[in-house]
């Protein structure tokens, strides 16, 4: 294995020694994204049998948890076997190593003895995609901004948020084999994948090996994956479950109860995004008559093209799914990992 971090190249037989010799001063003068890589590697090679990670709130309020290194190795093995990743292949890490997705790209490469190139996380990665890679992972925003250069990647997993209808449509035109992933920090990255282009394109997420799904009484997904130390993990995700596969419908904590009708904003957003190619989201706001009313935030200036697209989209929706108000914003607030930060009233 060869690890490339920016201009620095380290061979696997020297990796642990090189990490241990890094001083705090050397670390402090690095750009933050490099610091995050080496901080994780130090933690990975230390004497503890766990690493600390920050959850995103998929199963409750964000918190710091301990993930066993054994679970992380098992997760890496599961992914490497599924995608047939192995010795000598080339992987690209373009996500922040502070988060589980970035950490697990490193662990997969270590486990499979893949060569790993690590670049600064950016929205547009076109400059980093001038050479061929067998495997990489991105968030939807990176995929959108870099789509013209994605053909240099053989297999791409996309996580951290839903792939909207417009992006999914565009991915049908590229040679890269793309998968949407479902998972979270608590499950040590993804536990289900959905092919989103090619001959095996599917609306349903299929469980990875050793993972099983069930429903809570609230119809939210419950995950069991003993090899990942996950047992009866209740999520906030509302799904349509078929056997050990599911169709994702939305988050229960984003559900809007408008006049007794429960609405899943993410499902409605997917329908609208087929007509409007700008970032947007739906949320609920208190309403004296309905209890909550559905409103929409759009990242755009108000213009005739957007208004016409929304008009066409609304014609395809159920009457209850049409937002009562559309609010235009120059930019929508985002989290550090690039996800749109929803206003929840």
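Descriptive notes on the structure:
- Wholly enclosed strands (runs of 3 or more DSSP E) of the range 184-234 bearing at least 3 residues over 24 Å from residue 102 (Cα atoms): 212-215, 220-225
- Output for the range 181-205, where each listed residue is over 19 Å from residue 270 (Cα atoms) and either surrounded by fewer than 19 Cβ atoms within 10 Å (Cβ to Cβ) or not assigned by TED's automatic domain parsing to the domain that holds residue 50 (or both): 198, 199, 200
- For the range 20-45, filtering for residues that are under 25 Å from residue 122 (Cα atoms) and part of a helix (DSSP H, G or I) leaves 16.
- Boolean, residue 275 is surrounded by 15 or more Cβ atoms within 10 Å (Cβ to Cβ), out of contact with any strand residue (DSSP E or B) (no Cβ under 9 Å at 6 or more places or on another chain) and touching a residue at least 24 places away in the same chain (Cβ under 8 Å): yes
- For the range 2-18, the set of residues classified as surrounded by 14 or more Cβ atoms within 10 Å (Cβ to Cβ) and closer than 13 Å to residue 119 by Cβ consists of 3, 4, 5, 6, listed by residue number.
- When the range 90-143 is filtered for residues that are part of a helix (DSSP H, G or I) and free of Cβ contacts under 8 Å to residues at least 24 places away in the same chain, the ones remaining, listed by number, are 126, 127.
- Selection within the range 158-180 - part of a strand (DSSP E or B) and either in contact with a helix residue (DSSP H, G or I) (Cβ under 8 Å, 6 or more places away or on another chain) or crowded, with 20+ Cβ neighbours inside 10 Å (or both): 158, 178, 179, 180
A quick yes/no check of all residues on (1) closer than 30 Å to residue 299 by Cβ; (2) surrounded by fewer than 17 Cβ atoms within 10 Å (Cβ to Cβ):
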position	(1), (2)
87	no, yes
91	no, no
97	yes, no
111	no, no
118	yes, no
125	yes, no
132	no, yes
135	no, no
156	yes, no
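- Summed over the range 98-116, residues that are in contact with a helix residue (DSSP H, G or I) (Cβ under 6 Å, 6 or more places away or on another chain), over 21 Å from residue 13 (Cβ atoms) and modelled with pLDDT of 95 or more total 1.
- In the range 228-240, the condition of being assigned by TED's automatic domain parsing to the domain that holds residue 54, under 18 Å from residue 205 (Cβ atoms) and free of Cβ contacts under 8 Å to residues at least 24 places away in the same chain is met by at least one residue.
The values are calculated or read from the model by the stated rules, or taken from the named source; none is laboratory data. Source: prediction; values computed, not measured. No Cβ is skipped: glycine too gets one built from the backbone with ideal geometry, and neighbour counts run over all protein chains shown.
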